[in-house]
Amino acid sequence: MVQIGDVVVGFDVLRAKFLCNLNCCKGACCIEGDAGAPVDLEEVSMLEEVLPVIWEELSPEARAVIERQGVVYTDVEGELVTSIVHHKECVFAAYDEQGCCYCTIEKAYRAGKTRFYKPISCHLYPIRVKDFGTIKGVNYDRWSICKAAVLLGEKENLPVYQFLKEPLIRKFGEAWYRELEIAAKELTTLM
């Protein structure tokens, strides 16, 4: 593990290769699983603010879930997560003509309709951040549905931390990311 400030980063974040391959997985990370995406308390109001912008794009089932329980709920581990449909699919998920899942919030952001990109946990995936009080842990979350992303990342020789440069900077800042790059280079010279 590498520590940068109050953040401890697992070696896999620096060594493992990853590059999303939506043609293969069709956005399965927004569909599969047993809970929604983790959200920070501050993000709840942002999710609620973006609702009028994306409402018509959400499925009728997603709208019903949101009307019944809101945009988030507390999962079995006590974490605040995005609401889900049918015990798996994020309420903010939609599908394009090819059957590929996409985030309605991110689509609205890219169209200039909102300033909120999407929850940071979604932007950071396959990295998960865990708060341990005085320190945070940053780890690579391996999931079988991302096998094509691992293969493409290996082909392109793209480490997880480089693939996720933008969201890592969004979460921890540019200076922190520069230190992460230095740590990754030092780790490479040791191997």
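In the chain, the longest principal axis of the Cα atoms and the axis of helix 147-156 are about 40 degrees apart. Fewest-first ordering of THR104, THR74 by other beta carbons within 10 Å of each residue's beta carbon gives THR74, THR104. Largest mean-square fluctuation among PHE92, PHE172, PHE18, in a Gaussian network model of the chain whose springs join Cα atoms under 10 Å apart, belongs to PHE172. Footprinting exposure proxy ranking of ILE54, ILE169, fewest other C-beta atoms within 10 angstrom first, gives ILE169, ILE54. Centre-to-centre, using Cα atoms only, region 120-191 and region 1-29 are separated by 4 Å.
Relative contact order, whole percent, for region 26-117 stands at 37, derived from Cα pairs under 8 Å and 6 or more residues apart. The gain in end-to-end length when the LYS185 to ALA64 segment is fully stretched comes to 38.7 nm, 0.36 nm per residue minus the alpha carbon separation. Of the GluC sites (Glu not before Pro) found in region 67-173, the ones in coil according to DSSP and having at most 12 other Cβ atoms within 10 Å of their Cβ are GLU77, GLU97.
Placing a pseudo-label 7 Å from each Cα along the Cα-to-Cβ vector at ALA148 and ASN23 gives an inter-label distance of 0.9 nm.
Relative contact order (percent) for the chain, with alpha-carbon contacts under 8 angstrom and 6 or more residues of separation? Before the final figure, lay out the partial values.
Working: 275 pairs, mean separation 63.3, N = 191.
Value for the chain: 33 percent.
Taking the charge dipole of the chain about its Cα centre, with +1 at Lys and Arg Cβ atoms and -1 at Asp and Glu Cβ atoms, the residue from PRO159, CYS103, ILE120 reaching farthest to the positive side is PRO159. For the options GLY112, GLY36, GLY153, a Gaussian network treatment of the chain with springs between C-alpha atoms closer than 10 Å singles out GLY112 as fluctuating the most.
Note on the chain: with a GNM built from Cα contacts shorter than 10 Å, the maximum mean-square fluctuation among LYS26, LYS136, LYS17 falls on LYS136.
Taken together, the values in this text are just the output of simple stated rules run on the coordinates, not laboratory data. Everything quoted here is computed from the prediction, not taken from an experiment. Methodologically, a virtual Cβ is constructed for each residue, glycine included, from the backbone with ideal geometry; neighbour enumeration extends over all protein chains shown.
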